[in-house]
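The values are calculated or read from the model by the stated rules, or taken from the named source; none is laboratory data. Since the model is a prediction, treat every value here as computed from it, not as a measurement. Backbone-built Cβ (ideal geometry, glycine too); neighbour counts: all protein chains shown. Just so you know, the surface numbers come from the protein's heavy atoms only, side chains and all, with ligands and any DNA or RNA stripped out. Shrake-Rupley method; radii C 1.70, N 1.55, O 1.52, S 1.80 Å.
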Amino acid sequence: MNILLLKKIKNLGEVGAEVSVKSGYARNYLFPKKLALPLTPENIEIVEKEKQELLKKEKELKDIALVEKDKYDNYVLTVDVNVKEDNVIYGSVNLQNILDKLKDDGFALEKRQVNLPRGPIRVLGDDHIVTISLHSDVQVTIPVKLNVVQSDDNNPNASENASTEEPSAQTEE
């Protein structure tokens, strides 16, 4: 199916480009999100008239993303992890953990913007990174530092404290 793009789409084309995509992709994703129009003579005229405005909007979004990118300079994402006695992480640090930490640090991002290129973090080390897509042309790569926290399993007092807190919560109700 041939379509006209209304926005720049990574790996597909620029604003106003005529591209060929599968009909399901166009019907189910591009058309409902107003990213493209069917290739018809009327739509070609519409896109040509609005192309400058669409390019201007696209440039504004890119400029906003570039300003947003500056906020990530010298930022290191620090995540607390529990480890066993032999420095093995309990579980892993996944995308949702990263997203929650970013939101706690004041960054408003959607899940689709954040990527762990090497998958969930399961081992200690200094070589972990997170890639953030602010725009189709603007990406930020930030390092991830793992802050080791001693596991509650190794601390017998932690389980006693947890059990004493629960009954007091029930008596307040």
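Values computed for the structure shown
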read-out: Test: residue in the stretch 122-145 that is closer than 30 Å to Glu14 by Cα and among the charged types (D, E, K, R); value: yes
read-out: Failed condition for Lys33, given (1) in a helix (DSSP H, G or I); (2) surrounded by fewer than 16 Cβ atoms within 10 Å (Cβ to Cβ); value: (1)
read-out: Residue match in the stretch 66-78 (condition: closer than 22 Å to Asn11 by Cα and hydrophobic (A, V, I, L, M, F, W, C)); value: yes
read-out: Flag if Lys33 is at pLDDT below 90, basic (Lys, Arg) and closer than 23 Å to Gln113 by Cβ; value: no
read-out: Asp80 within 30 Å of Asp104 (Cβ to Cβ), assigned to a strand (DSSP E or B) and among the acidic types (Asp, Glu); value: yes
read-out: Any hit, the stretch 58-65, residues being of a type in the set (Gly, Ala, Ser), under 30 Å from Lys34 (Cα atoms), out of contact with any Gly (no Cβ under 8 Å at 6 or more places or on another chain) and assigned to a helix (DSSP H, G or I); value: yes
read-out: Residue within the stretch 78-85 that is open to solvent by 50 Å² or more (accessible area, probe 1.4 Å) and more than 30 Å from Asp126 (Cβ to Cβ) present; value: no
read-out: Test result for Leu4, open to solvent by less than 90 Å² (accessible area, probe 1.4 Å), assigned to a strand (DSSP E or B) and modelled with pLDDT of 90 or more; value: yes
read-out: Lys59 vs. criteria of a type outside the set (A, V, I, L, M), within 21 Å of Leu134 (Cβ to Cβ) and surrounded by fewer than 17 Cβ atoms within 10 Å (Cβ to Cβ); value: yes
read-out: Pairs where the first residue, in the stretch 123-138, is in contact (Cβ under 8 Å) with a residue 60 or more places away in the chain and the second is part of a strand (DSSP E or B), C-beta under 8 Å, 6+ apart; value: Ile132/Val114; Ile132/Asn115; Ile132/Gln139; Ile132/Val140; Ile132/Thr141; Ile132/Ile142; Leu134/Val140; Ser136/Ile9
